[in-house]
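The values are calculated or read from the model by the stated rules, or taken from the named source; none is laboratory data. Model, not experiment: these values are computed from the prediction. Here the Cβ is made from the backbone with ideal geometry for all residues, glycine too, and neighbour counts use every protein chain on show. Surface areas here come from the heavy atoms of the whole protein model, side chains and all, with no ligands, DNA or RNA. Shrake-Rupley method; radii C 1.70, N 1.55, O 1.52, S 1.80 Å.
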Amino acid sequence: MKTIEFFSTIPGLAETFPVRPVQEMIPKWVYAAKTDYMKSDKKDIHIFKCPGIFDMFSTGYVVTNWLDIELKTNDLGFNVTIPDPTLQEMLGKDVVQSQTHDGLAKHIPKKPWAVKSILKINTPWNVVVPKNVKLLMLPLPYPDTFEFESAIGLLDPSISSEINIQGYWNLQNQSHTIKAGTPLCQIIPVTEQSLKLVVRDMNYKDELWIKKKKYLNYFSFILNRQKVKEAYVRHFN
């Protein structure tokens, strides 16, 4: 069986807050709905019998937050605090960035109550997939809470293997902490293949790819996607 492999550039994360099958991250309301359904005569229309909703909880994987992040917000943006600057040094870049309301996020539709800038959480995760498999990145389906809603996108790991999560922050003018382990987004492979999930620390081959990709990303004034794609396929397949 072919695999989908998530590797972390920070040792220890794969053991502490791994990428997990969505079946292991079912929201609490589902259990309440199941209990209510079991008490019914099972003949009436009931939300627990809806395959369009509950099949979502058997498809794909969930990426959780890898550290505590405290956000103080206004209607335009964020002030960010993390537990220790060492974590940012280990990641090698800012843990949290934003697509500003007057820049990249200017034309993206947002809910009226959301902060106007887009929140971006950078993670240590990279992903390796079989050739021609892409990943659909989705907000968590029917979550228990609504502070953060990841943006929808299609990730081609052969162009960018990093898992960085962008989305909407729905609490204006408040302070809130996204705890480590909080589910952030669902990832669904766009393929009919069955894939075995592997979650691990970075190995030597992964480390070599990270180094290669730095050159591939920056040798030209415009990202040469074809060169990156060809290099990824040669390296991992």
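Each principal axis of the Cα atoms in region 111-216 has its own extent, and those three values, largest first, are 44, 32, 23 angstrom. When both region 34-85 and region 152-228 are represented by their alpha-carbon centers, they are found 20 Å apart.
Calculated mean residue ellipticity, 222 nm, the chain: -6500 deg cm²/dmol, from DSSP H runs (n ≥ 4) at -39500 (n - 2.57) each, averaged per residue and rounded to 500. Normalised per residue, the accessible area of the chain is 57 Å², obtained with a 1.4 Å probe and no contribution from ligands, DNA or RNA. Name the residue, out of ASN170, ASN224, ASN126, whose mean-square fluctuation peaks in a Gaussian network model built on the chain with Cα pairs under 10 Å. The residue that fluctuates most here is ASN224. A 1.4 Å probe, protein heavy atoms only, puts the accessible area of TYR142 near 120 Å². Assuming charge only on the beta carbon of Lys and Arg (+1) and of Asp and Glu (-1), the dipole of the chain about its Cα centre is about 760 debye to the nearest 20.
Taking all protein chains together and rolling a 1.4 Å probe, LEU104 ends up with roughly 130 Å² accessible.
What does the charge dipole of region 170-227 about its Cα centre add up to, to the nearest 20 debye, if the Cβ of each Lys and Arg holds +1 and the Cβ of each Asp and Glu holds -1?
Working: 10 positive and 4 negative charges, 59 e Å.
Here the size comes out at about 280 debye.
When ARG225, ARG200, ARG20 are compared by accessible surface with a 1.4 Å probe, the order from highest to lowest is ARG225, ARG20, ARG200. Considering the chain as a Gaussian network with a 10 Å cut-off on Cα pairs, which listed residue, LEU155, LEU76, LEU223, attains the greatest mean-square fluctuation? Sorting by GNM fluctuation, first place goes to LEU223. Over all other residues within a Cβ to Cβ distance under 11 Å of LYS2, the charged ones net out to +1, with Lys and Arg as +1 and Asp and Glu as -1.
Once you treat every alpha carbon in region 21-123 as an equal point and sum by Debye, what is log10 I(q)/I(0) at q = 0.14 Å⁻¹? For region 21-123, the Cα-only Debye profile gives -0.81. For the residues ASN164, ASN122, ASN203, a GNM of the chain with alpha-carbon springs under 10 Å puts the largest fluctuation on ASN203. Could you tell me which of THR177, PRO51, PRO141 has its Cα farthest along the dipole of the chain towards the positive end, charges placed at Cβ (Lys, Arg +1; Asp, Glu -1), taken about the Cα centre? Most positive-ward Cα: PRO51. Once you have a ≥ b ≥ c as the square roots of the Cα gyration tensor eigenvalues for region 1-77, tell me rounded if a/c is under 1.5, and otherwise prolate or oblate according to whether a/b is larger than b/c. Here region 1-77 falls in the oblate category.
Let a ≥ b ≥ c be the square roots of the eigenvalues of the Cα gyration tensor of region 140-179; is it rounded (a/c under 1.5), or, if not, prolate (a/b larger than b/c) or oblate? Before the final figure, lay out the partial values.
Working: a/c = 2.80, a/b = 2.08, b/c = 1.35.
Since a/c reaches 1.5 and a/b is larger than b/c, the shape of region 140-179 is classed as prolate.
What part of the accessible area of region 35-172, given as a whole %, is carbon or sulfur when the probe is 1.4 angstrom? Please list the in-between numbers first.
Values: 3930 of 7160 Å².
Answer for region 35-172 is 55 percent, counting heavy atoms of protein chains only.
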